[in-house]
1. Of the conditions (1) free of Cβ contacts under 8 Å to residues at least 40 places away in the same chain; (2) within 13 Å of chain A (Cβ to nearest Cβ); (3) not aliphatic (A, V, I, L, M), B:Gly102 satisfies every one except a single condition; which number is it?
2. Could you say whether any residue in the range C:71-80 is over 12 Å from the mean Cα position of the chain (by Cα), modelled with pLDDT of 95 or more and farther than 19 Å from C:Glu16 by Cα?
3. Can you name every residue in the range C:92-106 that is within 18 Å of C:Ser5 (Cβ to Cβ) and either among the β-branched types (Val, Ile, Thr) or surrounded by 18 or more Cβ atoms within 10 Å (Cβ to Cβ) (or both)?
4. Restricting attention to the range C:1-58, and to residues there that are assigned to a helix (DSSP H, G or I), facing chain A (nearest Cβ under 9 Å) and among the β-branched types (Val, Ile, Thr), which single residue is nearest to A:Pro118 (Cα to Cα)?
5. Looking at (1) closer than 30 Å to B:Ala100 by Cα; (2) free of Cβ contacts under 8 Å to residues at least 24 places away in the same chain; (3) acidic (Asp, Glu), which is the only condition C:Glu89 fails?
6. Restricting the range B:84-97 to residues that are buried (at least 18 other Cβ atoms within 10 Å of the Cβ) and at the interface with chain A (Cβ under 8 Å from one of its Cβ atoms), which is nearest to B:Leu28 (Cα to Cα)?
7. Could you go through the range C:28-51 and let me know if any residue there is under 18 Å from C:Ser9 (Cα atoms) and among the basic types (Lys, Arg).
Amino acid sequence: MADKKTITIAIMDAPYENARSTTTLRLIDLAAKRGYNINVFAYEGAVLQPFAAQTPHPNAVHGRSVEEENHFIPKDAIAALMREAEKNGGKIDWVNCGLCVDERGAANAIPGVRRGSPADFWQLSEASDNTLVIATR
Amino acid sequence: MPRYLLIESRDPFDSNDTRFCCDLARQLAAAKNDVTLFLVQNGVLPVRPGARSADLTSLAGTGVKVLADSFSLKERGIDENRLASGVAAAPLEIVLDALAEGAKVIWH
Amino acid sequence: MKTLSIVESAYRATIEEQDDTIVWIHGAMKGAGADLAVLLRGNAVNYLVQRQDAGGLVFGDWRQTQPPRIASDLAALAAKGVDICYVAEDVADRGIERNELINSAQPVARAAVGELVGRYDRVWYW
């Protein structure tokens with residue numbers, strides 16, 4: 001196994017708006033499989049990525065039921081990534097920016113998500129081997 | 001030797017700011033840094049030969065490694081074996097490797 | 001670690017947030033002791049223009065009382081010790097005169113961005 005690293009990623013996009021969200025999860029998945037510690041600082045719309053009230057839906061255009069559609073639900077992907085990281089000896093510390101949570105009414109997040117602030121982002125970054133900012137446009 | 005990974009997620013058909021990464025890559029390479037440009041998402045759209053790929057080929061000629069995310073290529077039906085000269089397909093692991101090695105990684 | 005933040009995104013949600021959220025987060029991080037510098041490029045160079053005025057918006061009977069004041073926020077960041085730079089050609093390309101800008105920002109030539117980037121331990125792009 002590769003040497004254990006700690007990586008911090010800052011993200012800003014709400015789910016379902018941009019390909020950046022998918023690429024971010026791909027990166028986190030790779031890091032989780034390596035057993036890295038991964039800090040995610042979710043800023044602005046990204047605080048909705050782990051929103052617990054997301055629910056799947058059918059797809060009438062394709063004639064698929066809820067089960068058949070098996071729609072991608074970000075909170076479930078994030079929970080799966082948290083399990084993957086733990087399975088490999090790592091951890092995902094997902095920090096939602098608190099003020100961003102408040103203004104979006106996004107407090108209801110999945111377990112494993114905590115509320116934080118820009119100071120947390122700075123401190124996590126200082127304690128990491130590296131930091132990647134994936135800003136929104 | 002300081003190492004840089006510039007990640008270009010934008011494409012020249014939609015954005016006129018893709019020159020930022022190319023220009024920065026040239027400057028850094030000229031200063032003897034180890035520089036990789038990694039194209040991801042729509043950033044891979046110019047890699048078909050002739051599809052505004054000249055800048056990428058030119059950049060590769062300066063010693064910058066120009067790579068395109070394999071999944072982004074596949075997603076857009078771009079044949080990995082028919083990329084512009086100087087461009088190679090690569091997995092997203094490249095980004096994680098760079099982060100793990102302490103490279104300066106910039107997402108554009 | 002010394003960090004350079006390159007800021008390009010401009011006027012994205014500034015009315016709703018009553019701030020530029022990237023300028024704002026840098027103020028918050030500086031308050032937490034961060035060692036930061038900011039390079040404005042692209043449309044974000046317009047943030048340095050002193051006479052920006054986003055005031056006066058009304059939605060029904062809701063009146064915005066705290067519009068963003070981004071030039072002032074950048075000047076405040078500079079006063080706290082954050083180096084504020086901008087790409088000189090991006091200002092010129094937009095027809096902005098240097099005397100329209102806040103005093104506390106320094107120009108950097110486009111051709112010198114690479115050298116600037118090399119001076120910092122980390123580079124973040126917003």
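1. With (1) free of Cβ contacts under 8 Å to residues at least 40 places away in the same chain; (2) within 13 Å of chain A (Cβ to nearest Cβ); (3) not aliphatic (A, V, I, L, M) applied to B:Gly102, the lone miss is (1).
2. Yes, the range C:71-80 contains at least one residue that is over 12 Å from the mean Cα position of the chain (by Cα), modelled with pLDDT of 95 or more and farther than 19 Å from C:Glu16 by Cα.
3. Of everything in the range C:92-106, those that are within 18 Å of C:Ser5 (Cβ to Cβ) and either among the β-branched types (Val, Ile, Thr) or surrounded by 18 or more Cβ atoms within 10 Å (Cβ to Cβ) (or both) turn out to be C:Ile102, C:Ala105.
4. My answer is C:Ile25.
5. (1)
6. Ranking the qualifying residues of the range B:84-97, first place goes to B:Val95.
7. Checked against the condition, which is being under 18 Å from C:Ser9 (Cα atoms) and among the basic types (Lys, Arg), the range C:28-51 yields at least one hit.
Residues are listed down the side, and each one gets a yes or a no for (1) surrounded by 18 or more Cβ atoms within 10 Å (Cβ to Cβ); (2) part of a strand (DSSP E or B); (3) in contact with a strand residue (DSSP E or B) (Cβ under 7 Å, 6 or more places away or on another chain):
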{"residue": "A:Thr8", "(1), (2), (3)": "yes, yes, yes"}
{"residue": "A:Asp13", "(1), (2), (3)": "yes, no, no"}
{"residue": "A:Tyr16", "(1), (2), (3)": "no, no, no"}
{"residue": "A:Thr23", "(1), (2), (3)": "yes, no, no"}
{"residue": "A:Ile28", "(1), (2), (3)": "yes, no, yes"}
{"residue": "A:Asn39", "(1), (2), (3)": "yes, yes, yes"}
{"residue": "A:Thr55", "(1), (2), (3)": "no, no, no"}
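The values are calculated or read from the model by the stated rules, or taken from the named source; none is laboratory data. Remember, it's a predicted structure, so these values are computed and weren't measured experimentally. Here Cβ is always computed from backbone atoms with ideal geometry, including for glycine, and neighbour counts include all displayed protein chains.
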